[in-house]
Amino acid sequence: MYKKLNLNVHPMESIELVKEWMLEHPVSTGIIKYVFWVLLVVLAIKFLRRFLRRRLPDTSLRYKSQKGTEIIGYIVLIILTLSYFTGNIEDFTLAIGLFSAGIAFTLQELFLSIAGSFYIFIVKVYKPGDRIEINGIKGDVIDIDSIYTTMMEIGEWVTSDNYSGRIVKLSNAFVFKGPVYNYSQDFPFIWDEFNLPIRYGSDVELAKSIVIQVARDTLSQYVANSIAKWKGVVDRYYIEDAQVEPTLAITLTDNWIQFNLRYIVDYKKRRYTMHILNERIKVEVEKTDGKVVLASSTVELIKIPEIKVNMKDKKTNKSEN
């Protein structure tokens, strides 16, 4: 009833049996070949990524090479899949057209994300390590894959440019849907400012010299580095030269003389630099022995209103009771 297997089959006969089975079952054979090649490509990608991770010492180069290997692997898998489903590599154009027409609506976000990843890498919109703001979310880019950009969020419920602790994943499609603000590309410095109230009657010239001198001493390194960087920006883009030295503007208000200090700073050290400037200016102002005084909100009473109390009426009311 059951056919007895002959285990003493010659290797050549085994090969012939396999060939006969493959000819009799072309669909199963095609699926097995397809799965084999897919597994081979996936294993090759993993091997190359591990090899590059061990061999390349530079973090940036290692990251880019691994991402490049991943993208090339995806392309090979797409070509392999289309060749097996169409049967002929010359039919790619027709197959891609039919495939796109059928699922373009349902997978448009996925296609935009993949296209966005190519656009980000080719045009260099941003890279890992950059501080960006996109779709209203600000943070440091920590990873870019074929679909998502991953950021370490800054701001929100914490002040200034501190990390909130949340890791945010954004679709790469957002690079086509709105502006991308890059704090670090080409020019890793930003302009910042704060106001300083000086009381009327203070030595204004002395106050000006204190603020400017403190700013120059504190920001000298940023100014020197930013000059070279800004020159590269002017050479590359259609933009005029800018003032990178600290500048001071004075405004007379109802309550005090307002000093507005504007300066350039590293985009990652904005909060710390403002703290240092305020602390050093306060120390220098205190050394003036009252010649320069920091102002505060005050209320001046011009006239105290008169209060009249009719004691006679109160006594009359008591006697009647």
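Of the residues in segment 141-160, how many are assigned to a loop (DSSP other than H, G, I, E, B) and either modelled with pLDDT of 90 or more or touching a Phe, Trp or Tyr at 6+ places or on another chain (Cβ under 8 Å) (or both)? Qualifying residue count, segment 141-160: 1. As a summary of the residue check, E205 satisfies the conditions (1) of a type in the set (D, E); (2) under 16 Å from the mean Cα position of the chain (by Cα); (3) assigned to a helix (DSSP H, G or I) except for the one numbered (2).
From the list L219, L248, the one residue that fits, being in a helix (DSSP H, G or I) and of a type outside the set (D, E), is L219. Going by the conditions given, is K138 at pLDDT below 90 and assigned to a strand (DSSP E or B)? So K138 fits the description; yes. With respect to (1) over 25 Å from the mean Cα position of the chain (by Cα); (2) closer than 25 Å to S296 by Cα, the lone exception for E245 is condition (2). Among the residues making up segment 246-262, those that are open to solvent by 70 Å² or more (accessible area, probe 1.4 Å) and aliphatic (A, V, I, L, M) are I250, L252.
For segment 118-127, filtering for residues that are part of a helix (DSSP H, G or I) and touching a strand residue (DSSP E or B) at 6+ places or on another chain (Cβ under 7 Å) leaves 1. Looking only at residues of segment 171-183 that are part of a strand (DSSP E or B) and under 10 Å from the mean Cα position of the chain (by Cα), we find that the one that is surrounded by the fewest Cβ atoms within 10 Å (Cβ to Cβ) is Y181. Just one residue in the set E193, E240 is over 22 Å from the mean Cα position of the chain (by Cα), part of a loop (DSSP other than H, G, I, E, B) and among the acidic types (D, E); that residue is E240. Could you tell me which residue of segment 282-296 is nearest to P188 (Cα to Cα), considering only residues that are in contact (Cβ under 8 Å) with a residue 60 or more places away in the chain and open to solvent by 60 Å² or more (accessible area, probe 1.4 Å)? It comes out as E284. What about V234, is it among the β-branched types (V, I, T), free of Cβ contacts under 8 Å to residues at least 24 places away in the same chain, open to solvent by less than 50 Å² (accessible area, probe 1.4 Å) and under 25 Å from P188 (Cβ atoms)? Taking the combined requirement at face value, the residue satisfies it.
Within segment 267-281, the set of residues being open to solvent by less than 40 Å² (accessible area, probe 1.4 Å), touching a strand residue (DSSP E or B) at 6+ places or on another chain (Cβ under 9 Å) and not hydroxyl-bearing (S, T, Y) comprises L277, I281.
The values are calculated or read from the model by the stated rules, or taken from the named source; none is laboratory data. Computed from a prediction, not measured in an experiment: that's the story for all the values here. Don't worry about glycine lacking a Cβ; one is built from the backbone with ideal geometry, like all the others, and counts go over all protein chains shown. What goes into the accessible areas is simple: the full protein's heavy atoms, side chains included, and nothing from ligands, DNA or RNA. Shrake-Rupley method; radii C 1.70, N 1.55, O 1.52, S 1.80 Å.
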